Every structure is written in structure tokens, then in C-alpha cells.
Amino acid sequence: MISEKVTTVCPYCGVGCGLEVQPPASQGKATNRDSEGTPIWKVMGDRTHPSSLGKVCVKGATVTEAINKNRLKYPLYRETLQQDFRQIDWEEAFNLIVKQIQLVSKTIGVDGICMYGSGQFQTEDYYVAQKLLKGCLGTNNFDANSRLCMSSAVSGYMGSFGADGPPCNYEDLELTDCAFLVGTNTAECHPIVFNRLRAYHKKNRHVKMIVVDPRRTATAEAADLHLAIKPGTDIDLFNGIAYLLLQWGAIDTFFIDECTRDFPAYTQIISHYPPQIVADKCGIEVKDLETAARYWAESEKVLSLWSMGLNQSSEGTAKVRTLINLHLMTATIGKAGCGPFSLTGQPNAMGGREAGGLSHILPGYRSVKNPLHRQELEEIWQLPSGAISANVGKTVWEMIMGLENGDVGLLWIAATNPAVSMPDLERTKQALLKSPFTIYQDAYYPTETAYYAHLVLPATQWSEKAGTMTNSERVVTYSPAFSSSAPSQAKADWEIFAEVGKRLGFEKYFSFKDSAQVYQEFVKTTRDRPCDMSGLSHELLSKYGPIQWPFPLRSDPENRYGRRLYTDLHFHTEDGRAKFAAFHSRGLAEPPNPDYPLVLTVGRLYGHWHTMTRTGRIDKIVKMHPEPFLEIHPKDARKYQLEDGELVRVVSVRGEAKFKVKITSAIAPSTVFAPMHWGFLWAENAEANSLTHPHSCPISKQPELKACAVNLIKVNQI
Ligand code: SF4
């Protein structure tokens, strides 16, 4: 038990704020307590953390209130989903897992084994899971909830630059001339990033802020220009801005000639996007389009920020690449205050990408499809040649489909809650009901997904295990095990994976003494790769504090922050040049139609996190956001004869949900908004994802969770 203050990292969002936590015993008379009266760790911002500079939002400030609540204490098992769980010990749990893996390997083959992990993992958890599935078992069927969150950013960066990795730093928020925020309600979803930007924007009158979002969010309220485009018209807008920049000569021909390729094909495409056509498609005024382009043209340094609004789209990769095109044509990359900057949702989605935590990638920013990459990793892992499969693994939606058609015999879900977060939720639940064997591993119980599990395993959470997380700006923070709140039987995710590996006969690959050894092995897989962090270790991070990568062997830990990517204007493509991408917009996968005439867009609220597994147990946050709702424009409310506060049925072709109506002109006409947080544990029939569809980007395989066609039916009930 630690009796001193310790520094750690917030386990909620990808901003990755540094926290200083103080144990109850040293707080004196004013000891912080949770709502049940249990003394809890006091949370403050860590002023020494380069990403957050001592600031935290309400989620970080209250996170320790959930540490002791509703913890899963021991493994639970039932043979069928109709039975009640019975308590079992770990010995039985491990035997069940090993038996099922062996059975599925024999009957369906190793590709019948699937794991769905999470950006809540520490990097060590991610890494050991990859070694087990992709290395030892020989299936690439590991996917993570980053598939629903960030995979379009991954494929966008890879397509344009030849490698994943956001090139910017948070410092750029305070160095830019123009911030271009697209599909991101940063004020609510990444509040500390937004606070830094807003403070700088307020102080510096020359700095422009453009927000592109169909909703007038808190982020849009702070902007100089809000472009409330129609959902699905982002590519039209970006190509329209490019058209004007080209027409005005506001491009950097030297950079284009020396550092990029495929510009001529791109100019062909953008010639189809004159202002009036773009303005009509996007539903904005020509003058506003011109103002946005003028801000780009007049700014030496433009920083674009985005999150789900671009990524969660059936053309997510095309959107990201079309946005990056604007940076390439204006040479706003590789310099302070500039660049395309994706904001990750989960706290360690970036660590997952580094450790190969998606079904098409391998540790060290390697690709499953690349034979050299597989060979390199087989050598590092000392596996026989050909041990790593050349087949891209199943994405999470493909895993769900695999349950439907009998291709999946074991689904292992850890640290995430797909029974709330997946699109087409009813279909997802029906598929989960068909699963021959589902393992659910988490710190909390119950959760919605636990209802679909055969075997439930108690995991420690971030405060109870030592490990690392990487935030959106590539800063790696070490978090020590500081609280003794874990139930005695809970184990770290990586320990569970390693034990299963050992019991399957792969002892020598999993002989880790502790997570520091896991990390030591992981960083070796990044050596000489674009995400080289081979100079990092738990010891170094613990001694010097958070460090930004790239950080190759023998890097100077005193110089631990301030590394931008591509400052040498050399990219990771075959010829070192960044690639322009020429895309026309295809629009929404499910546009509104006479039966479903409105577009539903879903999103997040300031206080709640993901599916409320933690925040639903924190009184202050529940009071802040007591119930789900549906935002609707006054014009549409009149059309449907809806009153504020009235309950309305929202229906799509897949399902329905009920929400209280909130009439507001903050949402564009013909569009409605609902938060995605609530599952059936927290509200009856208010799951936004029962309405959404799984149509995905063909490149990133990220579903278009952001938009679907719906209709409204009055319930006449207050
Ligand atoms: Fe945590 Fe994100 Fe809030 Fe920072 S901004 S305190 S990382 S939830």
C-alpha cells in the first residue's frame, strides 16, 4: 500500500492528462469519500505533465470514486446463457479457456478464436494479447474498440504518410494561426485540449477557429466560424476549400513538387468543386465557404483537429485523407502550430496501435499483409517461420457476423462493452446469444455485455497494476499500481493472457516476471520502426516522467517532449513523399428517405464516458447527465407536433429507442442528436445504437456510427 502521493494518468480519454493522487490515509480530517462513505484517493492535476499542465476535467477529478464500486470479485461461469452464474476458481476458469481454445482449433480452426480488446488496456496488456493470438495461436483475430473509434485515422495516416501516427503536439494548439476542428466536439469530449486552445484563441485576436459540425456544440460556440454542414458532406467541403486555395494560388508549389506525389490527379478531382456546388451540397452559404478558405489561405500555420465525426463514416479514410490533402497543398505539416491531428477517444488507443492491437496490424506499426514485417516479428518472438498468419484477422463486426454464421467458436471480450457500443445493437445481441463460448473480462460487474457471457473474469483496473499508456500526442505515461482496491482474485489483463499462453504449452514465450519485463520486450519490437520507442522502460518513465516518442535507444531523457513528426519533410512511403488522395464524396451510406426522413447523429456528453461502466457509478456525473435525450430543431419539432420534454419513439429500419425531446436550434433542421452512453442497465429502451448501422469504410472497416436514417413517432407521454 502506497502512503505517499503518486503521479499517474487519467484512464478516460486520449488527452491523457497527468493526475496526482493522494491516498486516503494522508488526507487528514478532510478525507475524500465516495457516495457510500468509503475513503478514496484524492485527485489533482499533475502540473509536471506536459500534456495537461495540471488541469483535469470532471471525469478525471472524480475517477477514484468508482474504484471500489461494483467490482467483479471472482470468476463466474455458466454452461448456457439461460443458467445463473456460479462462482468458480481460477484453476477451473483457465481449464475452461484452454479446453475451448483446443476444441475450436480442432473443429473450426484457429480462426474460430477471436479476442475483442480495448483502448482501456495498458500497452502491456495489448502486447501480451498480440503475442498469444497472432504469435502463438496463429490467428490475427484480435480487434479492439479503436475499430469503432480511430481506425479511419490509422488508415488515413498510413495512406498519406506511409505510417500511422499523429504528427503534432498539444503545444501546437498554442502556436497555430488557425484551428480547423472537424467532427469533434472537443469542448465536451477532450476538454483539456479544448481549454488550452480556447485560452490561446481568446488571448490572440489574429488566431482563427473554424468548427465544422452539424450541431452548434459548445465547441462551435467558441468558433469564429461555424460551418453546420449536412451530415456526410465533409469531403465536399474539403475539396471545395481546396478548389478555392488552388484558384487563389494559396498553395506551396515548392513543397508539393519536392515532398508529395499525385497532385495532378487531385487537381482533376477538385476542379469539380466550385463554391456554389459545394455550398449547396453542404447546406452552407458560399460566403462562409469562402471565409473558411480565406482563413486557411491567410494562415501560415493551420492545425486541424478531428475525432469521431470524420472517423465513424463509411468513407472515413477518404475523409481523413482529403483533409490531409489540404495540409499537403499548403505545406502546413512538420512545423510548429501545423498539421493534421486526430484526437483519440480511448486513453490508450495509441498504445494499442503501437502494440499491433487491430486485426490488420502487428506490433511496431507493422502490417499483417507485409511478409517482411511478419518475418521481423517472428524473429523477435523467436517463432518458427510462417507462424504469423498472412491473413488479416476479423474486425469486431466480422466477429459478430462470425457468431451469426458459426465461424466463431470462442469470443473473448476484455475491458469494453460491445452490448452498448456496437452498431445495429439488436443484431449484435442476437449474435452474442448464439455464441458457443463468450469470455468477458472486466473490473466491473454487472455490465451489459456480462449478460451475454459464459465465463466472466475479474480484472484489475489501471490503478491496481503498473503499466503505460500513450496519449494522442504520443506521450507515454507510466502509471504505478497505487491503490489496493482490487478484489483479491482480480488479475491484470496481461497476466490472464500470459497464463493461458503457458497452459497452452507456450511457456517460454510468456515467462514475464512483471509488466516491466513485458514492456521491455514490447519496446524492442518498435526499434527502427516509425514509432521507435526502444529507449523507453518503466524505470526511465518512472524516473523522468512522461516521455514523447519517437524515443530510440540512447535518446536523452532530459529532452523528453517536443518531438513533431515529419520535420525533415521525409515521409514513410517508398519514395519518401506524402501522397495526395483524390476522392469524390459518396455521401451517407444510409441517406434519409421518405420513410426515415431525418438523420440521427450520435455523440458524447461532457461528464459521461463511453458506456458509463465507470461514470454511471459516480453520483456527481449522474446528476450532471441524469438521462438520455433527443435534440431536435424547432422546425422539426413543430412538424412532428412534439413538445419539449415529451417522450418520442425514434425508429430506424433496424430498431427503435425512446428519448425525451429537447428542442433546440443548436441542431440543424432534418438532423437529430442522441448521446450514445446509455445501455439497458441505466435506462430502459434508450440505446442509440439500436438505431445505427454497421456499413463501414472499405479501407478502415470503421462503421458509420455517426449517421443513420430515422423517423419519429409520438408517444404522448410526459
Ligand atoms: Fe481525463 Fe480526458 Fe478529462 Fe483529461 S480531458 S481529465 S484525460 S477525461
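The values are calculated or read from the model by the stated rules, or taken from the named source; none is laboratory data. This one's a predicted model, so the numbers in the text were calculated from it and none came from an experiment. Cβ atoms come from the backbone with ideal geometry, glycine included; neighbour counts cover every protein chain shown.
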Checklist entry - Has segment 88-106 got at least one residue that is within 16 Å of the ligand (Cβ to nearest atom) and free of Cβ contacts under 8 Å to residues at least 60 places away in the same chain? => result no
Checklist entry - Does Lys29 meet the test of being more than 25 Å from Asn145 (Cβ to Cβ) and over 25 Å from the mean Cα position of the chain (by Cα)? => result yes
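Each row is one residue, and each column tells you yes or no for (1) without any contact (Cβ under 8 Å) to a residue 40 or more places away in the chain; (2) under 30 Å from His190 (Cβ atoms).
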{"position": "Ala415", "(1), (2)": "no, yes"}
{"position": "Tyr440", "(1), (2)": "yes, yes"}
{"position": "Ser463", "(1), (2)": "no, yes"}
{"position": "Gly467", "(1), (2)": "no, yes"}
{"position": "Lys491", "(1), (2)": "no, no"}
{"position": "Leu504", "(1), (2)": "no, no"}
{"position": "Phe522", "(1), (2)": "no, yes"}
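Residue-wise test of (1) farther than 25 Å from Ala419 by Cβ; (2) of a type outside the set (S, T, N, Q); (3) surrounded by 15 or more Cβ atoms within 10 Å (Cβ to Cβ).
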site	(1), (2), (3)
Pro594	yes, yes, no
Gly603	no, yes, yes
Glu627	no, yes, no
Asp636	yes, yes, yes
Glu646	yes, yes, yes
Phe659	no, yes, yes
Checklist entry - Does Asp84 satisfy the condition of being charged (D, E, K, R) and touching a residue at least 24 places away in the same chain (Cβ under 8 Å)? => result no
Item to check | Unique match (being of a type in the set (Lys, Arg) and closer than 28 Å to Thr615 by Cα) among Lys429, Lys394 | outcome: Lys429
Next on the checklist: Among the numbered criteria (1) outside the structural domain of Glu473 (by TED's automatic domain parsing); (2) farther than 17 Å from Pro530 by Cα; (3) away from the ligand (no atom under 16 Å from the Cβ), which one does Met308 miss?
Outcome noted: (3)
Item to check | Qualifying position, being under 30 Å from Gln268 (Cα atoms) and either basic (Lys, Arg) or outside any loop (DSSP other than H, G, I, E, B) (or both), among Arg586, Arg654, Arg638 | outcome: Arg586
Checklist entry - Considering segment 161-182 alone, what residues qualify as being farther than 23 Å from Glu300 by Cα and either crowded, with 24+ Cβ neighbours inside 10 Å or among the charged types (D, E, K, R) (or both)? => result Asp164
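Yes or no, residue by residue, for (1) part of a strand (DSSP E or B); (2) under 24 Å from Leu103 (Cβ atoms); (3) out of contact with any Gly (no Cβ under 8 Å at 6 or more places or on another chain):
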| residue | (1), (2), (3) |
| --- | --- |
| Leu377 | no, no, no |
| Ser385 | no, no, yes |
| Ile388 | no, yes, no |
| Asn391 | no, yes, yes |
| Lys394 | no, yes, no |
| Leu403 | no, yes, yes |
| Thr416 | no, no, no |
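Before we move on, is Gly501 in a loop (DSSP other than H, G, I, E, B) and more than 21 Å from the chain's Cα centre (by Cα)?
For Gly501, the condition - in a loop (DSSP other than H, G, I, E, B) and more than 21 Å from the chain's Cα centre (by Cα) - is not met.
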Checklist entry - In this structure, does Ser385 turn out to be of a type in the set (S, T, N, Q) and surrounded by fewer than 24 Cβ atoms within 10 Å (Cβ to Cβ)? => result yes
Checklist entry - Of the residues that sit in segment 189-235 and are in a loop (DSSP other than H, G, I, E, B), buried (at least 23 other Cβ atoms within 10 Å of the Cβ) and within 23 Å of the chain's Cα centre (by Cα), which one is nearest to the ligand (Cβ to nearest atom)? => result His190
